[in-house]
Amino acid sequence: MHQTHFFAYYYFHPKLTGARAILSMSAKVPGKYQITYFVYSTHSKKFIPWSDSLRDKAKDCVRQLENDGYERERFKKFNLFENPTNFQPSPLRDTNKQFRIKERVHRAFGLID
């Protein structure tokens, strides 16, 4: 029996606050990857799907998102109802190994979120 794992990666555009994207496996066409673009509607006060794009490889999707200026949100899940002016992307992890170990210990003891 073949088992597939669901994944979804969330993207934001730093210069277009009302733009978001989700990269996931396609439900429309099994075996393909899909980027779904969202724009914020001030009328409904939520993000609405704008368009989608299908690709054979996840790497091609990532390349397309990077070319369009999107950056991956590392920790927060996409919230359809979040006002884009309140959005703050998660800080990028420090590449210093000592800092990451210290951060992990602090998180384990509840000192940071």
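The values are calculated or read from the model by the stated rules, or taken from the named source; none is laboratory data. Given the structure is predicted, the values throughout are model-derived calculations rather than measurements. All accessible areas refer to the heavy atoms of the entire protein, side chains included, with ligands and DNA or RNA removed. Shrake-Rupley method; radii C 1.70, N 1.55, O 1.52, S 1.80 Å.
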Taking Cα atoms only, helix 97-108 is inclined relative to the longest principal axis of the chain by an angle, in degrees rounded to 10, of 90
Given springs between every Cα pair under 10 Å in a Gaussian network model of the chain, which of 28, 102, 76 has the largest fluctuation?
-> 102
Taking the stretch 8-109, how many lysine pairs are there with alpha carbons less than 20 Å apart, if each pair must be eight or more places apart or span two chains?
-> 12
Gaussian network model of the chain, Cα within-10 Å springs - most flexible of 80, 65, 23 | 80
Here the gain from full extension of residue 72 to residue 29, 0.36 nm per residue of separation minus their alpha-carbon distance, amounts to 13.1 nm
In degrees, nearest 10, range 0 to 90: what is the angle between the Cα axis of helix 58-67 and the longest Cα principal axis of the chain?
-> 80
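Plugging the Kirkwood radius over Cα pairs into Stokes-Einstein for the stretch 8-109, at a temperature of 25 °C and a viscosity of 0.890 mPa s, what D comes out in µm²/s?
Numbers: Rh = 15.1 Å.
Estimated diffusion coefficient is 162 µm²/s.
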Just the accessible area per residue of the stretch 8-109, please: how many Å² with a 1.4 Å probe?
-> 71
Calculated [θ] (222 nm, deg cm²/dmol) that DSSP helices of n ≥ 4 give over the chain, each run adding -39,500 (n - 2.57) = -6000 deg cm²/dmol
